[in-house]
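Q: If you scroll down you'll find the structure; I have some questions about it.
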């Protein structure tokens, strides 16, 4: 599955801050931080340690979105995330925050 900025991720069931973070990563190639980075890199200990109550309430939905909507090469390990960002057409480009 190859996403472009015109594609729409099916993430409506997630809180807005998670939606923004996922769009920023998948569509615009911005490196995630904190909890989201830990989940994408499959770092359970850091994900739990940095999670808010709302993060924990939505982690199942987030994992479901990643499994069903993300390109397979974009999550699972830090190396996969790094390669995804390195090969992303918009990575390292300036976009408004």
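Q: May I ask you to verify whether residue 43 is at pLDDT 95 or above, within 22 Å of residue 86 (Cβ to Cβ) and in contact with a helix residue (DSSP H, G or I) (Cβ under 8 Å, 6 or more places away or on another chain)?
A: Spelling it out, residue 43 is indeed at pLDDT 95 or above, within 22 Å of residue 86 (Cβ to Cβ) and in contact with a helix residue (DSSP H, G or I) (Cβ under 8 Å, 6 or more places away or on another chain).
Q: What is the residue count in region 33-76 for residues that are part of a loop (DSSP other than H, G, I, E, B), without any contact (Cβ under 8 Å) to a residue 40 or more places away in the chain and within 12 Å of the chain's Cα centre (by Cα)?
A: Qualifying residue count for the region: 4.
The values are calculated or read from the model by the stated rules, or taken from the named source; none is laboratory data. The structure displayed is predicted, hence computed values, not measured ones. Reconstructed Cβ throughout: ideal geometry from the backbone, glycine too, with neighbour counts over all protein chains shown.
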